[in-house]
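The values are calculated or read from the model by the stated rules, or taken from the named source; none is laboratory data. Because the structure is predicted, anything quoted here is derived from the model rather than measured. FYI the Cβ positions are ideal-geometry reconstructions off the backbone, even for glycines, and counts take in every protein chain you see.
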Amino acid sequence: MSDFLLSFILGLVQGLTEFLPISSSAHLLLPSLLFGTNDLGLYFDISVHAGTLAAVIYYFKSDIFLMTQSVLTKNIDLQKYKNLSFQLLIATIPVVLIGYIFKDLIEQRIFSIDSIAISNLIFAAILLLAFLKNKSGKGIYEITLFTALFIGIFQCFALIPGASRSGTAITAALLIGLNLKDASKFAFMLGIPTILGALTLLVIDVQNTDIQFDFLILITGFLTSMIFAFFTIKLFLSFVEKIGMIPFVLYRVLLGVILLLM
């Protein structure tokens, strides 16, 4: 497989799976397992992460503008946006701290295909439980300091390959009583500082290496992940209340079993 085609496939996978509760790390294994492909390197990782970051920022641009305005002004009509900004910040802190503390351990990548598959299955089961037990209809502006911290702490499990960042955040939000659409929206918005943090770490790592890169490969990965991430967010939030979480749980179970059998 050519590097150009691989960059498109990996960009597609990153864009589709970053915001769906189905574990991007499990899916990013598949091209190498099926085709024996090579790692395209840190610069490529940066490009696809930047693509998904651009997509989520663009999708929530109106909310981001109002949150920024609420922080910079004293307009009381924007208080709910100011509170949301604060809760997103609080929810980001745990994964930043845990990621920094265990940075060296995480970089060692001490995991296997089986461990990713098992992690995928476990967190799919927890997501199913949270979805079935969710009877409340709280909105995104009802998130408190405690509930934001709970979501942030639960999101730390996403550092385990196979757990799914959006999946853990949605699970936690459902457990504290958010309705499904707002649980998903908060998880996606929480992806902005989280992906930005991961991107920053990747850029720091690049500074310590001397790696050659192909601009065409990078731009392909960036554009592909950005376009597919944007439409994934748009379609998911439009239909999530109709389809629920069970199709994603079943898909993750199937994926986990396939990985265990490979």
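What are the pairs, 6+ residues apart or on separate chains, where a residue within region 180-192 that is within 14 Å of Thr232 (Cα to Cα) has its Cβ under 6 Å from a residue that is crowded, with 20+ Cβ neighbours inside 10 Å and not aliphatic (A, V, I, L, M)?
Within 6 Å, the pairs are Ala187/Ser166; Phe188/Phe19.
Which condition breaks for Met245 when tested against (1) touching a His at 6+ places or on another chain (Cβ under 8 Å); (2) at pLDDT 90 or above?
Of the numbered conditions (1) touching a His at 6+ places or on another chain (Cβ under 8 Å); (2) at pLDDT 90 or above, the odd one out for Met245 is (1).
Does Val240 count as closer than 16 Å to Leu129 by Cα and in contact with a Leu (Cβ under 7 Å, 6 or more places away or on another chain)?
For Val240, the condition - closer than 16 Å to Leu129 by Cα and in contact with a Leu (Cβ under 7 Å, 6 or more places away or on another chain) - is not met.
Restricting to region 141-174, what's the tally of residues that are more than 18 Å from the chain's Cα centre (by Cα), touching a residue at least 24 places away in the same chain (Cβ under 8 Å) and under 22 Å from Val96 (Cα atoms)?
The qualifying residues number 4.
Filtering region 69-96 down to residues that are within 23 Å of Phe157 (Cβ to Cβ) and at pLDDT below 90, which residue is surrounded by the fewest Cβ atoms within 10 Å (Cβ to Cβ)?
Val96
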